[in-house]
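I have placed the structure first, in the form of structure tokens, so that the comments after it can refer back to it.
Nothing in this text is a laboratory measurement; each read-out follows from the coordinates by a stated rule. Since the structure is predicted, the reported quantities are computational estimates derived from the model, not experimental observations. No Cβ is skipped: glycine too gets one built from the backbone with ideal geometry, and neighbour counts run over all protein chains shown.
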Amino acid sequence: MEYRFLGRSGLKVSALSFGSWVTFGEQVDTDLAYNQMKTAYDAGVNFFDNAEGYEGGKSETIMGEVIKKAEWKRSDLVLSTKIFWGGDGPNDTGLSFKHIKEGTEASLKRMQTEYVDLLFCHRPDLHTPIEETVWAMNQMINEGKALYWGTSEWSAEQIRKAFDFARQEHLRPPLMEQPQYNMFHRDRVESEYNMLYKDFGLGTTIWSPLASGLLTGKYNDGIPEGSRLGLEKYSWLKEILLETEDGRSRLEKVKKLAPVAKDLGITMPQMALAWCLKNPNVSTVITGASNVKQVEQNMSAMDVVGKLNDEVMEKIDEILDNKPADEQDWRN
């Protein structure tokens, strides 16, 4: 396992990490979760990601039970949760000071830990001033409930505003952003955030590296039994990925990518994960799985990164045809 500094901090996270979205509580019970997390931990994973909104908190409960059962040393783990969707009450959603405090405390109780290493704002809240959110996240750090805070799916403008206010008031600024990033979803990480990496040393904990399973190639011939696209609650995802013009176009590109992976002697998931790992602005790639074998396969991506040389990366870009344009150098 490779360990990378998270943004401009002294904290190191495993280049491949493990997240519980979709699976924990829906497809994975505590026993299976234990086997999955232990497999990831044994492979060198130290960062485990969660959120209050995952299965209404059940995902955090399962992860807490696994950590307790495993008896892992707390200092060996980097745990995260994300705050935004906490319930149905009028103050159970969003990034108000009230919900951040109460939501964080509820998450810690479910996870059976005194603090999380990383606390994320799960989405931007258009109804709460960014200044209030920055104050609230800073307070969670002051109270010892979190060590670092960050954002998820915020625009570069929103992140910069949070940075500027934090510096002005001598508060802790956001350290990291958790954006979606994969072969089909590139602009934000590869273009929009470029100045944030330079100006603030922003770290990234990217999610959906396999594009909700599309980049595994398993949907090339239909929907296999047991996959998330076969679940009723994810019918919206099935429609986006397989039943829209854009989705069908992506599926055709996946079919063209398959021979590239085959020529390298690797699997499609390995290639997709290694492709994300090649980006120097990616601090960690959050992986997910519905069984132990998938965890093992995901972890093996570390072994094939070197196979994606410049020639291979160019071949992949030709197939994808979606590489963000470089910033114009008007001197040349």
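Start at zero, step by 5 Å, and the Cα-Cα distances of the stretch 1-128 spread as 2, 11, 21, 23, 19, 14, 7, 3, 0 percent across the bins.
Here's how it looks for TRP149: its modeled amide H is under 5 Å from those of LEU119, LEU175, which are all 5 or more places away or on a different chain.
Ordered by the count of other Cβ atoms within 10 Å of each Cβ, fewest first, ASP187, ASP303, ASP221 give ASP221, ASP303, ASP187.
Here the Karplus relation 6.51 cos²θ - 1.76 cosθ + 1.60, evaluated at θ = phi - 60°, turns the backbone of the stretch 246-254 into coupling constants of 5, x, 5, 5, 5, 4, 5, 5, 4 Hz, with x for every Gly and Pro. Taking amide hydrogens as modeled 1.01 Å from N in the peptide plane, which residues meet the under 5 Å criterion relative to VAL78, leaving out close sequence neighbours? Excluding prolines and chain starts, which carry no amide H, the hits are PHE47, PHE48. Here GLU71 and GLU157 are evaluated by their C-beta separation; at R0 = 41 Å the FRET efficiency comes out at 0.40.
Between SER235 and GLN27, the modelled labels are 1.9 nm apart [label points 7 Å from Cα along Cα→Cβ].
Summarise the long-distance tail of P(r) for the stretch 123-195 by giving the % of C-alpha pairs beyond 17 Å.
44 percent
Starting from the alpha-carbon convex hull of the stretch 1-61, give the projected area averaged over all orientations, in nm². All intermediate terms of the calculation are to be shown ahead of the outcome.
Numbers: hull surface 18.0 nm².
Projected over every direction and averaged, the Cα hull of the stretch 1-61 covers 4.5 nm².
Computed extension gain for LYS262 through ASN281, at 0.36 nm per residue and net of the alpha carbon distance, reaches 4.1 nm. Per-residue Karplus couplings for the stretch 36-51, computed as 6.51 cos²θ - 1.76 cosθ + 1.60 with θ equal to phi - 60°, are listed in order as 5, 5, 5, 4, 5, 4, 5, 7, x, 5, 10, 9, 10, 10, 8, 6 Hz, Gly and Pro entered as x. Partners of LYS255 within straight-line reach, counting aspartates and glutamates whose Cα lies under 18 Å from its Cα and excluding those fewer than 8 residues away in the same chain: ASP221, GLU243, GLU245, ASP246, ASP263, GLU314, ASP317, GLU318, ASP321.
Need one number for the stretch 153-306: average projected area of the convex hull over its C-alpha atoms, nm².
Values: hull surface 42.6 nm².
In nm², the orientation-averaged hull projection of the stretch 153-306 is 10.7.
Sorting ARG110, ARG8 by the number of Cβ atoms found within 10 Å of their own Cβ, with the fewest placed first, yields ARG8, ARG110. Once both labels are positioned 7 Å from their Cα atoms along Cα-to-Cβ, the gap between GLU245 and VAL292 label points is 4.7 nm. Beta bridges per DSSP, both residues in the chain: antiparallel share near 15 percent.
Cα-based Rg of the stretch 262-332 per 2.2 N^0.38 Å, rounded to two decimals? Display every interim value, and only then the final one.
Working: Rg = 14.7 Å, N = 71, 2.2 N^0.38 = 11.1 Å.
Normalised Cα radius of gyration, the stretch 262-332: 1.33.
Based on the alpha carbons, how large is the Rg to Rh ratio for the chain when Rh follows Kirkwood?
Working: Rg = 19.5 Å, Rh = 20.4 Å.
Rg divided by Rh gives 0.95.
Can you flag which of LYS101/LYS145; LYS98/LYS145; LYS262/LYS293; LYS82/LYS109; LYS218/LYS278; LYS82/LYS278 are past 18 Å Cα-Cα? Checking Cα-Cα distances, LYS262/LYS293; LYS218/LYS278; LYS82/LYS278 exceed 18 Å. Sequence-ordered 3J(HN,Hα) estimates for the stretch 262-268 from the Karplus curve with 6.51, -1.76 and 1.60 and θ = phi - 60° stand at 4, 5, 7, x, 10, 8, 4 Hz, glycine and proline given as x.
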